[in-house]
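Chemist: The structure follows.
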């Protein structure tokens, strides 16, 4: 693993929990959204520039069969800024359209970013010949009919395509994300006033090549255009953690049959966890996070049950599990900057992985020495971790369970401790 550097969300009921994924970008929350267009239309090559199809059920790209083979170009735009938080980083964008009619075989259809605004009026016709333009419609000559014009007839757009695919027979087609498409969407998010959408250009070298696509007005909503956007949000540090004792008490309140700790071996505990959603939400989240960190046989409460407490590996695992529970409960974020003596990590995400690696490789002495309490003293965050006493080490090494003895995920088992001979 190259460092815990991003997050994905798990929603359970109304709560949101953060589970790590090993990625190469900065600490971020990965999200996605699917948008429908806020406007679409077809530019129809006519000298008078008086036809459009703003409210029609279809838009078109390519050249028609009737000589001289008029060119049709589809335009569509999405309101990115209203649906993606400001400051987000766009990591992907994919456009899906349903092509519903054609008389020709496979043709290339390209997406080009528009450089000028345009309108959608009330003109409507089922075919590519369009209908008389209405006020506000875009046409071959007009951005907004009938007194605002393109710089170049046929629309103003970038010279280089953002994506090109082949469109053949009727069906759904997706322009999968490209760096150019993601950059287009990022620009629309950062500068909503410059969001003019894309224009679709078919094969204009010969005719017929036209393809008919279903528009945002099409009666079957499942066939309307969709833009799938993936983005990341920086997760600000807002630390308000609790310590190991709190999480240990929660485990004492969970029945052993459900993954808890036996109070008979660990002292008296609550009859049930006092932390909201501990058993049905936080424990599954922590189990998953520990699995992502490489502990495929360790469950949450097994990690919190340091037995024997003098074992450095057990203590280090308890420290790690407590941090994990603070993350799952939203009390800590991986973006929190840290300065823990004995560890080299600079943020909490890196610290979790550093501790995990030390434990798995048997370097439990170093993991135990990682002074997480120094983070509080540095003022970056308040981890609230109660460090164990520096007692004698019994020589035990905690490592991941070998594959042959790994219990099923989700089962309750003690830590697998491999003793040095």
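Just so it is clear, none of the values below were taken in a lab; they were calculated from the coordinates. From a predicted model like this one, the values you see are computed outputs, not experimental measurements. In this analysis, Cβ positions are derived from the backbone assuming ideal geometry, glycine residues included, and neighbour counts consider all displayed protein chains.
Chemist: Mind listing the Cα extents of the stretch 36-113 along all three principal axes, in Å, largest one first?
Modeler: Computed over the stretch 36-113, the largest-to-smallest principal extents equal 49, 30, 20 Å.
Chemist: Once you wrap a convex hull around the alpha carbon atoms of the stretch 295-377, what is its projected area averaged over all directions, in nm²? Write down the numbers at each step before the final one.
Modeler: Values: hull surface 20.7 nm².
It is 5.2 nm².
Chemist: On to the next question. Normalising by the residue count of the stretch 46-98, find the relative contact order in percent from Cα pairs under 8 Å and 6+ residues apart. It would help to have the intermediate numbers written out before the result.
Modeler: Working: 21 pairs, mean separation 10.7, N = 53.
Contact order relative to length: 20 percent.
Chemist: Can you tell me the alpha carbon radius of gyration of the stretch 33-228 divided by the globular rule-of-thumb value 2.2 N^0.38 Å?
Modeler: Working: Rg = 15.4 Å, N = 196, 2.2 N^0.38 = 16.3 Å.
Normalised by 2.2 N^0.38 Å, the Cα Rg of the stretch 33-228 equals 0.94.
Chemist: Please give, to one decimal in nm, the separation of the simple spin-label points placed at residue 101 and residue 151, each 7 Å out from Cα toward the Cβ.
Modeler: For residue 101 paired with residue 151, the spin-label model returns 3.6 nm.
Chemist: Against the globular-protein guess of 2.2 N^0.38 Å, express the Cα radius of gyration of the stretch 137-201 as a ratio, rounded to two decimals. The partial results should precede the final answer.
Modeler: On the way: Rg = 14.3 Å, N = 65, 2.2 N^0.38 = 10.7 Å.
That works out to 1.33 for the stretch 137-201.
Chemist: Let me ask something else about it. When the C-alpha atoms of the stretch 197-281 are aligned to their principal axes, what extent does each axis show, in angstrom, from largest down?
Modeler: Dimensions of the stretch 197-281 along the principal axes of its Cα atoms: 83, 31, 22 Å.
Chemist: For the pair residue 193 and residue 205, how long in nm is the line joining their label points, each one 7 Å along Cα→Cβ?
Modeler: Taking the two extended label points, one gets 4.1 nm.
Chemist: Further question: Note down the nm distance, to one decimal, between modelled labels 7 Å out along Cα→Cβ at residue 219 and at residue 174.
Modeler: 2.8 nm
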